[in-house]
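The values are calculated or read from the model by the stated rules, or taken from the named source; none is laboratory data. Source: prediction; values computed, not measured. Here the Cβ is made from the backbone with ideal geometry for all residues, glycine too, and neighbour counts use every protein chain on show. For accessibility, only protein heavy atoms count, side chains too; no ligands or nucleic acids. Shrake-Rupley method; radii C 1.70, N 1.55, O 1.52, S 1.80 Å.
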Amino acid sequence: MFNDIGPLELVTIIVLAVLVFGPDKLPKVIQDVTRTIRKIREFSESAKQDIRSELGPEFKDFEFEDLNPKTFIRKQLDNDDLGLKEIRNGFDLKKEMAEVTDAVNGRDDEASSTSSASHSSSSSSSASSSGGRIDMTKKTEELAKDERPPFDADAT
(Lines give C-alpha, C1' and ligand atoms only; values in the text may rest on other atoms or scores of the structure.)
Protein backbone atom coordinates (compact mmCIF):
# COMPACT_ATOMS: atom_id res chain seq x y z
CA MET A 1 0.00 0.00 0.00
CA PHE A 2 2.80 2.41 0.87
CA ASN A 3 5.41 1.17 -1.60
CA ASP A 4 6.28 4.69 -2.76
CA ILE A 5 7.23 6.02 0.68
CA GLY A 6 10.95 6.08 1.44
CA PRO A 7 12.58 6.04 4.87
CA LEU A 8 13.09 9.82 5.00
CA GLU A 9 9.46 10.45 4.09
CA LEU A 10 8.31 7.97 6.74
CA VAL A 11 10.36 9.73 9.43
CA THR A 12 8.91 13.07 8.30
CA ILE A 13 5.36 11.73 8.59
CA ILE A 14 6.05 10.36 12.09
CA VAL A 15 7.55 13.65 13.28
CA LEU A 16 4.59 15.60 11.86
CA ALA A 17 2.13 13.18 13.50
CA VAL A 18 3.82 13.64 16.89
CA LEU A 19 3.80 17.42 16.47
CA VAL A 20 0.16 17.60 15.32
CA PHE A 21 -1.44 15.06 17.67
CA GLY A 22 1.04 15.02 20.51
CA PRO A 23 2.58 11.99 22.18
CA ASP A 24 -0.51 11.49 24.40
CA LYS A 25 -3.12 11.16 21.63
CA LEU A 26 -0.92 9.51 18.97
CA PRO A 27 -1.63 5.85 20.01
CA LYS A 28 -5.39 6.52 19.95
CA VAL A 29 -5.13 8.14 16.48
CA ILE A 30 -3.11 5.18 15.17
CA GLN A 31 -5.76 2.75 16.49
CA ASP A 32 -8.54 4.75 14.84
CA VAL A 33 -6.69 4.87 11.52
CA THR A 34 -5.97 1.12 11.52
CA ARG A 35 -9.59 0.37 12.45
CA THR A 36 -10.80 2.56 9.57
CA ILE A 37 -8.43 0.90 7.09
CA ARG A 38 -9.61 -2.54 8.27
CA LYS A 39 -13.27 -1.54 7.77
CA ILE A 40 -12.54 -0.21 4.27
CA ARG A 41 -10.81 -3.49 3.34
CA GLU A 42 -13.73 -5.54 4.69
CA PHE A 43 -16.18 -3.37 2.75
CA SER A 44 -14.22 -3.75 -0.49
CA GLU A 45 -13.94 -7.54 -0.05
CA SER A 46 -17.69 -7.84 0.56
CA ALA A 47 -18.36 -5.69 -2.51
CA LYS A 48 -16.08 -7.94 -4.59
CA GLN A 49 -17.89 -11.05 -3.32
CA ASP A 50 -21.27 -9.49 -4.13
CA ILE A 51 -20.14 -8.66 -7.67
CA ARG A 52 -18.75 -12.18 -8.20
CA SER A 53 -22.00 -13.75 -6.96
CA GLU A 54 -24.05 -11.48 -9.25
CA LEU A 55 -21.91 -12.27 -12.29
CA GLY A 56 -22.58 -15.98 -11.99
CA PRO A 57 -20.54 -19.16 -12.32
CA GLU A 58 -19.12 -18.32 -15.77
CA PHE A 59 -17.08 -15.50 -14.16
CA LYS A 60 -15.79 -17.49 -11.19
CA ASP A 61 -12.16 -16.91 -12.28
CA PHE A 62 -12.69 -13.16 -12.67
CA GLU A 63 -10.06 -11.06 -10.93
CA PHE A 64 -10.49 -7.34 -10.39
CA GLU A 65 -6.77 -6.83 -10.95
CA ASP A 66 -7.39 -7.82 -14.59
CA LEU A 67 -9.24 -4.53 -15.05
CA ASN A 68 -5.92 -2.70 -14.75
CA PRO A 69 -4.80 -2.06 -18.37
CA LYS A 70 -1.16 -2.97 -17.66
CA THR A 71 -2.15 -6.31 -16.14
CA PHE A 72 -4.59 -7.03 -18.95
CA ILE A 73 -2.02 -6.35 -21.68
CA ARG A 74 0.68 -8.32 -19.85
CA LYS A 75 -1.62 -11.35 -19.57
CA GLN A 76 -2.61 -11.12 -23.22
CA LEU A 77 1.01 -10.89 -24.39
CA ASP A 78 2.04 -13.83 -22.22
CA ASN A 79 -0.74 -15.92 -23.75
CA ASP A 80 0.75 -18.85 -25.70
CA ASP A 81 -2.22 -19.08 -28.06
CA LEU A 82 -1.08 -16.05 -30.05
CA GLY A 83 2.40 -17.42 -30.81
CA LEU A 84 4.07 -14.18 -29.79
CA LYS A 85 6.83 -15.94 -27.87
CA GLU A 86 8.04 -17.67 -31.04
CA ILE A 87 8.00 -14.38 -32.92
CA ARG A 88 9.81 -12.60 -30.08
CA ASN A 89 12.44 -15.36 -29.84
CA GLY A 90 12.97 -15.47 -33.60
CA PHE A 91 13.50 -11.74 -33.92
CA ASP A 92 17.10 -10.57 -33.65
CA LEU A 93 16.87 -6.84 -32.97
CA LYS A 94 20.60 -6.16 -33.24
CA LYS A 95 20.81 -7.83 -36.65
CA GLU A 96 17.75 -6.01 -37.94
CA MET A 97 19.00 -2.64 -36.70
CA ALA A 98 22.41 -3.25 -38.28
CA GLU A 99 20.77 -4.07 -41.61
CA VAL A 100 18.61 -0.96 -41.49
CA THR A 101 21.58 1.21 -40.53
CA ASP A 102 23.66 -0.22 -43.35
CA ALA A 103 20.83 0.29 -45.83
CA VAL A 104 20.25 3.89 -44.76
CA ASN A 105 23.95 4.76 -44.78
CA GLY A 106 24.48 2.95 -48.08
CA ARG A 107 27.16 0.63 -46.68
CA ASP A 108 25.75 -2.55 -48.19
CA ASP A 109 28.91 -4.38 -49.36
CA GLU A 110 27.17 -6.87 -51.63
CA ALA A 111 24.83 -4.33 -53.19
CA SER A 112 27.54 -1.67 -53.69
CA SER A 113 29.68 -3.90 -55.90
CA THR A 114 26.77 -5.20 -57.98
CA SER A 115 24.71 -2.02 -58.11
CA SER A 116 27.64 0.10 -59.35
CA ALA A 117 28.07 -2.31 -62.25
CA SER A 118 24.36 -2.48 -63.08
CA HIS A 119 22.99 0.82 -61.79
CA SER A 120 20.44 1.15 -64.56
CA SER A 121 18.79 -2.23 -63.85
CA SER A 122 15.36 -2.46 -62.26
CA SER A 123 14.87 -2.42 -58.50
CA SER A 124 13.73 -6.04 -58.44
CA SER A 125 16.91 -7.28 -60.06
CA SER A 126 19.08 -5.19 -57.75
CA ALA A 127 17.14 -6.49 -54.76
CA SER A 128 17.64 -10.08 -55.90
CA SER A 129 21.34 -9.51 -56.55
CA SER A 130 21.82 -8.02 -53.08
CA GLY A 131 20.47 -11.06 -51.33
CA GLY A 132 16.79 -10.07 -51.30
CA ARG A 133 17.29 -6.78 -49.49
CA ILE A 134 15.48 -3.63 -50.46
CA ASP A 135 17.44 -0.47 -51.13
CA MET A 136 16.03 2.08 -48.68
CA THR A 137 18.09 5.03 -49.85
CA LYS A 138 16.11 7.78 -51.54
CA LYS A 139 17.17 8.61 -55.03
CA THR A 140 16.35 12.03 -56.38
CA GLU A 141 14.70 12.17 -59.78
CA GLU A 142 14.65 15.15 -62.07
CA LEU A 143 11.21 16.73 -62.45
CA ALA A 144 9.80 18.55 -65.44
CA LYS A 145 9.41 22.30 -65.19
CA ASP A 146 5.65 22.30 -64.38
CA GLU A 147 5.58 18.95 -62.54
CA ARG A 148 4.90 18.81 -58.79
CA PRO A 149 7.08 16.61 -56.59
CA PRO A 150 5.45 13.36 -55.43
CA PHE A 151 3.86 13.18 -52.00
CA ASP A 152 6.30 11.91 -49.39
CA ALA A 153 4.52 10.33 -46.42
CA ASP A 154 7.80 10.10 -44.48
CA ALA A 155 8.33 13.86 -44.65
CA THR A 156 5.00 14.75 -43.03
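In the condition set (1) loosely packed, with under 11 Cβ neighbours inside 10 Å; (2) under 34 Å from the mean Cα position of the chain (by Cα); (3) among the small types (Gly, Ala, Ser), Ser44 is compliant with all but (1).
Just to be sure I understand, how many residues within the stretch 144-154 are open to solvent by 80 Å² or more (accessible area, probe 1.4 Å) and either modelled with pLDDT under 75 or not in a helix (DSSP H, G or I) (or both)?
Here the count works out to 7.
Per-residue answers, yes or no, for (1) surrounded by 11 or more Cβ atoms within 10 Å (Cβ to Cβ); (2) modelled with pLDDT under 90; (3) within 32 Å of the chain's Cα centre (by Cα):
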| site | (1), (2), (3) |
| --- | --- |
| Thr36 | no, no, no |
| Lys48 | yes, yes, yes |
| Arg52 | yes, yes, yes |
| Lys60 | no, yes, yes |
| Asp66 | yes, yes, yes |
